[in-house]
Amino acid sequence: MVRFLIRRLLFAILVLFINTFVVFLLFYVVKSETPIARAATFAPRGANLRSLQQIAERLGFYHPWYQQYGHFLSRLIFHGDLGTDFTTQASVNSELFSRLPVTASLAIGAAVIWLAMGIPFGILAATKPRSIRDRLATVFALLFYSIPTFVLGLLLLLVFYYYFRTKLHINIYSYGAYTPLTQDPVGWLKDLYLPWLSLALVSAASYSRVTRGSMLDVLGEDYIRTARAKGLSERAVVYKHGLRSALTPIVTIFGIDLGTLLGGAVITETIFALPGIGAFSLRAVIAGDLPVVSATVLVAAAFIVIANLIVDIAYAFLDPRVRLS
Amino acid sequence: MTETLSDAGGAPLPDTHDMGGAPLVGEIAGRSPTRLALSRLRHDRVAMISGVVIVLLVLLAICAPLVAHLTGHGDTESFRHGSGAALSPENIPVGPNHNFLLGGDDQGRDLLVRLAYGARVSLAVGVLGTLASLVIGTVVGIIAGFYGGWVDTFISRIVDIFLSYPIILFAEALAAVFQPSLTLVFVVVIIFGWTVFARIARGQVLSVREREFVEASRALGARGFRIMFIDMLPNLVAPLIVYYTLTIPVNIVFEATLSFLGIGVKPPTASWGQTLSAAQVGGLYLVRPTFLIFPMILLFITTLSFNLFGDGVRDAFDPRAARTMAK
């Protein structure tokens, strides 16, 4: 177990290293620009050559790219410092830190909703296959599964924001606002329920399908027949014996989905104008703001890698046959 | 799905035996699993209807120039002034009328023509882009599974690295460095798409590598290439086809999303994602809802029919499996 963890951790670090390296290669080698041209991106419009040189000097553009990469790495490893935002001159660490709660609220809240909808729907459908409720669950799943997240987001905005506000004169959603949970829990809920729904409905659809399929597989197993034969109630058979192994595939996709979302829900944050990591990274990529791009890619990849690791460990607890080696 | 061997006179049918499936009435000769699957697919009404819808969408894409010709409106042509304009004097797209069947867009172009041309981009990325990642992934996966050892370890680790990338962020980074373009969308779809196909192909190769037919082929003196691509490949087809059909809608949505975010197909090339983005800018769709609703419906019908068709393909190739939805 310990050896497995160490090996996985080392590989995870290698992956993150390669991730940042590729970003640097892309921005410095593939997109080669003179230091002055690069500095012009971050200078006020119409800045003269003198000030451009100063900016290029300050941001370290005169050094070869591998030195800049080495500098980035050493600062990161020895000080945990992700550098300075070229555009705002603020520390990337503090910018990320201030945006993390937004993205985390968005991701975790949506995850709670899609799990609370998807898994029960899947179980209900699987315990009575081909019944009316199974077919209803299937229709629900296929409809929402086929709506792209950004389309669903636009639709929700159209109805619950614009329509209610302009036609009915009721404000039930404030666009682009974010209230921290610690400050005002009700405001937090009100600012996030539409983004949550746009993320959660699509995922709930696919989770209900996966739960149904895996539950049907499990309920056909011999040990379920044994459980029924020894006189357990249907409830105990389904929820105690069946659900535990049926959840294994759910754990896998859930880990990866949540990990991906925590690294920035780019689409949802953009549509609902939420100040999270995803919107932050989109802005940085468009501006060519390398420290922010590297940092957000690093954070996003770290979440995915950690999620994968947790999934592997969770497997061992859910399924006694899995041995970590 | 009941299969009675007595229908076939009790003769063992090595090929069809473990596939279950279609009744073997009056036919004793072995039908290949693929043919059995296709016949099952033909009897799946939902899959067939969605198949017809897909064919219609493909026709719409192929006939886009015809649509432009019939309406007399070029795909990048703006109609801003005069009585036959697609934009009102206040720069609001007109609603559906006899001249512009689906109304106009933000640039005064014919929405119908734009959507027909957008179908080309969506389907090209969905069908062809996914096909390219299928081919690359299959070749790489077969090589990893067949040779094993360090080759396998190396390829599997590369797959792991690719799967750990935040795809949208990476697509953004590529779009910032190179200019956004259709080619770039293809590149992103392919370099992130091959990995799962490689995993599937590798897993399948591992499960057939030690089978007798491979041993027999080896005994006859066959070498690596022949064994991999002539003997083994037909045994990998079913799961790859299933995953392929289910990945097409995912990539169609991916293209629409990238174009919506402005990092996909570049104007004036038409794309549904871009039309949706234009409809949303400045709340234009509040004044002219059809501008948003038509592309939305089209995108929805496309993904829905590919999903339903993919579901049918999976059921046909693996009749024992419960209907689950691949992520």
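The values are calculated or read from the model by the stated rules, or taken from the named source; none is laboratory data. What you see is a predicted model, and the numbers here were worked out from it, not measured in a lab. Note that we place each Cβ from the backbone using ideal geometry, even for glycine, and neighbour counts take in every protein chain shown.
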Selection within region B:161-185 - surrounded by fewer than 19 Cβ atoms within 10 Å (Cβ to Cβ) and of a type in the set (F, W, Y): B:F162, B:F178
2 or more residues surrounded by 22 or more Cβ atoms within 10 Å (Cβ to Cβ): qualifying helices (runs of 4 or more DSSP H) within region A:233-325: A:248-262, A:266-271, A:277-287, A:290-318
Residue tally, condition surrounded by fewer than 16 Cβ atoms within 10 Å (Cβ to Cβ) and under 18 Å from B:L261 (Cα atoms), over region B:273-292: 3
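Rundown of residues vs (1) within 28 Å of the chain's Cα centre (by Cα); (2) among the aliphatic types (A, V, I, L, M); (3) assigned to a helix (DSSP H, G or I), yes/no style:
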| site | (1), (2), (3) |
| --- | --- |
| A:L10 | yes, yes, yes |
| A:L25 | yes, yes, yes |
| A:E33 | no, no, no |
| A:R38 | no, no, yes |
| A:I55 | no, yes, yes |
| A:Q67 | no, no, yes |
| A:H71 | no, no, yes |
| A:I77 | yes, yes, yes |
Residue in region A:272-294 that is more than 11 Å from every other protein chain (Cβ to nearest Cβ), modelled with pLDDT under 85 and touching a Gly at 6+ places or on another chain (Cβ under 6 Å) present: yes
Residue check for A:Y239: closer than 25 Å to B:Q274 by Cα and out of contact with any Lys or Arg (no Cβ under 7 Å at 6 or more places or on another chain): no
Counted residues, region B:253-280 - those being in contact with a Lys or Arg (Cβ under 7 Å, 6 or more places away or on another chain) and within 12 Å of chain A (Cβ to nearest Cβ): 1
Count of residues meeting criterion [aliphatic (A, V, I, L, M), in contact with a Leu (Cβ under 8 Å, 6 or more places away or on another chain) and more than 16 Å from A:F97 (Cα to Cα)] in region A:262-283: 4
Qualifying residues in region A:139-170 (those that are at the interface with chain B (Cβ under 8 Å from one of its Cβ atoms) and more than 26 Å from the chain's Cα centre (by Cα)) - the one surrounded by the most Cβ atoms within 10 Å (Cβ to Cβ): A:Y162
Meets criteria (within 24 Å of the chain's Cα centre (by Cα), within 14 Å of chain B (Cβ to nearest Cβ) and in contact (Cβ under 8 Å) with a residue 12 or more places away in the chain) for A:V218: no
